[in-house]
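Colleague: Please read through the structure below; I'll follow up with questions.
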Amino acid sequence: MTTRAGFVALIGEPNAGKSTLLNRMVGAKVSIVTHKVQTTRARIRGVALEGEAQIVFVDTPGLFRPRRRLDRAMVAAAWSGAADADVVVLMVEAHRGVTEGVERILETLPEVATGRTVALAINKIDRVEAPVLLGLSRDLNERFEFAQTFMISAERGHGVDVMRRWLAGQLPEGPWLYPEDQIADLPMRMIAAEMTREKLTLRLHQEIPYQLTVETEAWEERKDGSARVDQIVYVSRDGHKGIVLGNKGETIKAVSKAAREELEEFMGRRIHLFLQVKVRENWLDEAERYSEMGLNFKDGN
Ligand SMILES: Nc1nc2c(ncn2[C@@H]2O[C@H](COP(=O)(O)OP(=O)(O)O)[C@@H](O)[C@H]2O)c(=O)[nH]1
Ligand SMILES: [Mg+2]
């Protein structure tokens, strides 16, 4: 039997549902999801099997007009994720339609489209009526020659199986790229840091989630099968530290508990998670922070 394998990059505006779709395709939560924009910072690979095909989904940061160094590095990572893939899937939110952001992506899309298949996924179909969907599909297909259009709900799973089967058929023949049981290509320490960042993002308001980063400092295996995980939350301002800690430390405690529970479920064993909050005013301009996130510091220049 011939096997197939290749990369499918998911691109789109922030909040389009890229990470939700990747998790749905993989069948496990590999990439963090929140209702806030710019949650995903790096390229995250999740592996799905479909018949004899191994599909490596590449979740990318959203495409938006970058302002900060971190933003620029994120957008660069997203476009290079698309340029490295066999298939690119542009995700558009059904209820928002062709926004300015989508128009801007469509302008750049031809540059990465050469030599690869580009498909359209209209996501969040649970939020609109059918006629709206058909109009949007027609509009988008007039603007770009998509190889295929899917109408899906990444969250509810509608249309996702059909899409996965089609994607599998688009991949080149060749040996699988990862062992059969691997679902993510991201070090465990990074997955763990992302889980904590997700919990922080869900609990903190305004600009604070965008001004912090989480790193796993130490990971110690214990004889009883559990692990001790030490993480640092870097914030950029003194005032943010107090907010992250919360009154009597209640915010950081709640974050730590939620992150630990998720990590334990993911790993299937006991985890002792220790969080420390540090103020580091210039972390957004430190190359090391970027490499920890899997981003290229120079892309931010
Ligand atoms: N109603 C609805 N919401 C969705 C769907 N897919 C994703 N979402 C929500 O959209 C938000 C952004 O999702 P996320 O996957 O983080 O988007 P990303 O920024 O493109 O990675 C989250 O609150 C998701 O729960 C969907 O099919 N329907
Ligand atoms: Mg995301």
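Bear in mind that the values in this text are calculations on the coordinates, not laboratory data. Keep in mind it's a predicted model, so treat the numbers as computed, not measured. Cβ sites come from the backbone with ideal geometry, for glycine too, and all protein chains shown count toward neighbours.
Colleague: Calculate the FRET efficiency for GLN206 and ALA287 from the Cβ-Cβ distance with a Förster distance of 35 Å, rounded to the nearest 0.05.
Modeller: Numbers: r = 27 Å, r/R0 = 0.77.
Result of the calculation: an efficiency of 0.85.
Colleague: Could I ask something else about it? Please give the FRET efficiency for ASN247 paired with ILE183, using the beta carbon to beta carbon distance and R0 = 45 Å, rounded to the nearest 0.05. Before the final figure, lay out the partial values.
Modeller: Working: r = 38 Å, r/R0 = 0.85.
Step by step, r from the Cβ atoms, then E = 0.70.
Colleague: List the GluC sites (Glu not before Pro) in segment 158-196 that DSSP assigns to loop (not H, G, I, E or B) and whose Cβ has at most 13 other Cβ atoms within 10 Å. Which are they? Don't jump to the answer; show the numbers that get you there.
Modeller: Working: sites: GLU173, GLU180, GLU194; in loops: GLU180.
Those that pass, being in a loop and sparsely packed, are GLU180.
Colleague: Can you pull the one-decimal nm distance between simple spin-label points at ARG165 and GLU100, each 7 Å off the Cα toward Cβ?
Modeller: 4.2 nm
Colleague: Which whole-number percent gives the relative contact order of segment 163-301, counting Cα pairs below 8 Å spaced six or more residues apart? Before the final figure, lay out each step's value.
Modeller: On the way: 159 pairs, mean separation 31.8, N = 139.
Taking the mean separation of contacting Cα pairs over the length of segment 163-301, I get 23 percent.
Colleague: Taking each pair of different alpha-carbon atoms in segment 2-43 once, compute 1/r for the pair, average those values, and report the inverse of that mean as the Kirkwood hydrodynamic radius in Å to one decimal. Please list the in-between numbers first.
Modeller: Working: mean 1/r = 0.0878 Å⁻¹.
Averaging 1/r across every pair of different Cα atoms and inverting gives 11.4 Å.
Colleague: Subtract the Cα-Cα distance of HIS35 and LYS298 from 0.36 nm times their separation in residues, and report this length gain in nm to one decimal. Spell out each step's value before the answer.
Modeller: Values: separation 263, 0.36 × 263 = 94.68 nm, distance 2.88 nm.
In short, 91.8 nm is gained.
Colleague: Okay, moving on. In percent, what relative contact order does segment 244-301 have, based on Cα pairs under 8 Å that are 6 or more apart in sequence?
Modeller: That works out to 21 percent.
Colleague: To continue, here is another question. List the aspartates and glutamates whose Cα sits under 14 Å from the Cα of LYS29, skipping any in the same chain fewer than 8 residues away.
Modeller: ASP59, GLU155, ASP185, GLU194, GLU198, GLU261, GLU262, GLU264, GLU265
Colleague: OK, next. If you only keep lysine pairs separated by 8 or more in sequence, or across chains, how many in segment 196-287 come under 22 Å at the Cα atoms?
Modeller: Lysine pairs meeting the criterion: 12.
Colleague: Further question: List the lysines whose Cα sits under 17 Å from the Cα of LYS124, skipping any in the same chain fewer than 8 residues away.
Modeller: LYS18, LYS36
Colleague: For segment 264-301, list residues with backbone N below 20 Å from a point placed 7 Å from the Cα of ASP224 toward its Cβ?
Modeller: Only 264-275 fall inside the zone, counting backbone N under 20 Å.
Colleague: Take each of the peptides 266-275, 160-169, 81-90, average the number of other beta-carbon atoms within 10 Å over its residues, and list them starting from the highest.
Modeller: 81-90, 160-169, 266-275
Colleague: Label 7 Å along Cα→Cβ of ARG156; segment 89-133 residues with amide nitrogen under 15 Å?
Modeller: Counting only backbone N, you get 94-95, 122-133.
Colleague: Kindly identify segment 187-300 as rounded, prolate or oblate by the Cα gyration tensor criterion: order the square roots of the eigenvalues as a ≥ b ≥ c, call it rounded if a/c is under 1.5, otherwise compare a/b with b/c, prolate if a/b is larger, else oblate. Intermediate values should be presented prior to the final figure.
Modeller: Working: a/c = 2.05, a/b = 1.28, b/c = 1.61.
Here segment 187-300 falls in the oblate category.
Colleague: Could you rank the peptides 49-61, 11-23, 33-45 by their average count of other C-beta atoms within 10 Å per residue, with the highest value first?
Modeller: Per-residue mean Cβ counts within 10 Å order the peptides as 11-23, 49-61, 33-45.
Colleague: Something else: According to the square roots a ≥ b ≥ c of the eigenvalues of the Cα gyration tensor, what is the shape class of segment 1-106, taking rounded for a/c under 1.5, prolate for a/b larger than b/c otherwise, and oblate for the remainder?
Modeller: Numbers: a/c = 1.79, a/b = 1.72, b/c = 1.04.
Cα axes put segment 1-106 in the prolate bin.
Colleague: Sticking with this one: By the scheme Lys and Arg +1, Asp and Glu -1, what is the net charge of all other residues having a beta-carbon under 12 Å from that of ALA218? All intermediate terms of the calculation are to be shown ahead of the outcome.
Modeller: Numbers: positive: ARG189, ARG228; negative: GLU215, GLU217, GLU220, GLU221, ASP230.
Once positives and negatives cancel, what remains is -3.
Colleague: Sticking with this one: Taking only C-alpha pairs under 8 Å that are 6+ residues apart, what is the relative contact order of the chain in percent? Please report the intermediate quantities before stating the final value.
Modeller: Details: 580 pairs, mean separation 60.9, N = 301.
Dividing the mean separation by the residue count of the chain yields 20 percent.
Colleague: Okay, moving on. Determine how many Å³ per residue the convex hull of the Cα atoms of the chain encloses. If you can, show how the numbers build up before the last one.
Modeller: Working: hull volume 41.3 nm³, N = 301.
Convex hull volume per residue, Cα atoms: 137 Å³.
Colleague: Another one. Before rounding to the nearest 500, sum -39500 (n - 2.57) across all DSSP H runs of length at least 4 in the chain and divide by the residue total; then give [θ] at 222 nm in deg cm²/dmol.
Modeller: Working: 9 runs with 112 residues, N = 301.
Taken over the chain, the calculation gives -11500 deg cm²/dmol.
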